[in-house]
1. Could you state the number of Å between the C-alpha centres of region 45-114 and region 304-364?
2. So between residue 267 and residue 250, what do we pick up on full extension, going 0.36 nm a residue minus the alpha carbon distance?
3. Per 10 Å bin, what is the whole-percent P(r) computed from every C-alpha pair distance within the chain?
4. State, as an integer percentage, the relative contact order of region 111-254 based on alpha-carbon contacts under 8 Å between residues 6 or more apart.
5. Taking only the alpha-carbon atoms of region 198-303, what semi-axes of the equivalent ellipsoid follow from 5 times the gyration tensor eigenvalues under a square root, in whole Å, largest first?
6. At each listed q (0.17, 0.22, 0.23 Å⁻¹), what is the log10 of I(q)/I(0) that the Debye formula gives for region 284-336 modelled as equal alpha-carbon point scatterers?
7. Nearest 10 degrees, 0 to 90: what angle lies between the long axis of helix 267-277 and the longest principal axis of the chain (Cα atoms)?
8. In whole angstrom, note down how far apart the Cα centers of region 167-201 and region 235-288 are.
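A short reminder: the numbers here are calculations on the coordinates, not readings from a lab. Computed from a prediction, not measured in an experiment: that's the story for all the values here. When we count neighbours, we look across all protein chains shown, and the Cβ atoms used for this are built from the backbone with ideal geometry, even at glycine.
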Amino acid sequence: MSQEHSSAADGDIRFARENGLALVTLNRPKALNALTQPMAIALDEQLIAWQADAAVGAVVIKGAAREDGRVPFCSGGDIRSLHQQRDDPTRHFAVTFYEQEYRLNTRVFRYAKPYVALIDGVVMGGGVGISFHGSHRVMSEHALFAMPETGIGLFPDVGATYFLPRCPGRMGLYMGLVGARIGVADALYLGLGSHHVPSRRMAEFEAALAAADLSGGAERAIDGVLGEFSADPGEAPLAARQDEVDRCFAADSVEAILANLAAEGTVWAEQTGATLLGKSPTSLKVTFRQLTELNDLDFEAAMKMEYRMAIRCNFSHEFYEGIRAQIIDKDRQPKWQPARLEDVGEALVESYFQAPASGDMTFE
């Protein structure tokens, strides 16, 4: 297997080639392979090069394994670095970080060659943006997906404006507001994952991809290999919950969703309501608008809107307080401002959808 140069610091991302298959390894296992800005830049540059290289038939991306054997795909973006820029009045790091990350997400979405994500562990936040938009999202029984951003004063980003509303019924809204954690069966049910390969066969599956002849049609060859390795993930728990989710989340406001949950009277509904009440009230209202009023945007329009929202979040109290409570101090006791849903006015919500002073992002 030939190795290719990585411009990311300390080998945090590695590139290799075997036959017509290009391989990306996210290599920060102690940090659950969280995506840093240098990693995003290196990946974007490499994808551009591979797109132009006729010898490359497909791309595979995976996470490096931890010493304990766990294989996180990518737990998210480098939000610690974003927290460190809280005293910069221009938020220069955020402006460049999000533009680069969202440009990379768009490149994956547009990619003309098969792009296969091997998800054998946690995939959240930034990890979703470099996996779910590809042609194949292959998950093991260890896969764990969530978009937990409303709990840190943010919103479901990296293209969630586009993919969550395309889940069945109101499931996308439920996932985005609650930040629910799901496994492979639910991910396939929601259309977020594409295939299930058992963890014990992941290495063998990857080797079979590398050995496949991609020259006569990479997509067909990859689908042929998947036919040999794919398995049934079993029943999806969310499928049995679909009607209840649709009843409770078919509402015109977050407050109405909470009222529906209270009226439902089930243990699940009670727990879901309690979970929502722990999130940032501002984030809940911003996310509700994002996933209901903006759910028909095309991908590029969705990414431009998310860029506006992300920059606005980086000028808010909520984002830094959420990171402090969940990541820095880990006291899990955020002090949201405003602290109540009824105090989050329409003008505040609207401000998250306005163009930032730095201007809208570009894609090239």
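1. Centre-to-centre distance over Cα atoms comes out at 21 Å.
2. 4.2 nm
3. It works out to 5, 25, 34, 24, 10, 2, 0, in whole percents.
4. 24
5. The answer is 41, 20, 12 Å, longest axis first.
6. -0.64, -0.85, -0.88
7. Once rounded, one gets 80 degrees.
8. Going from one Cα centre to the other spans 17 Å.
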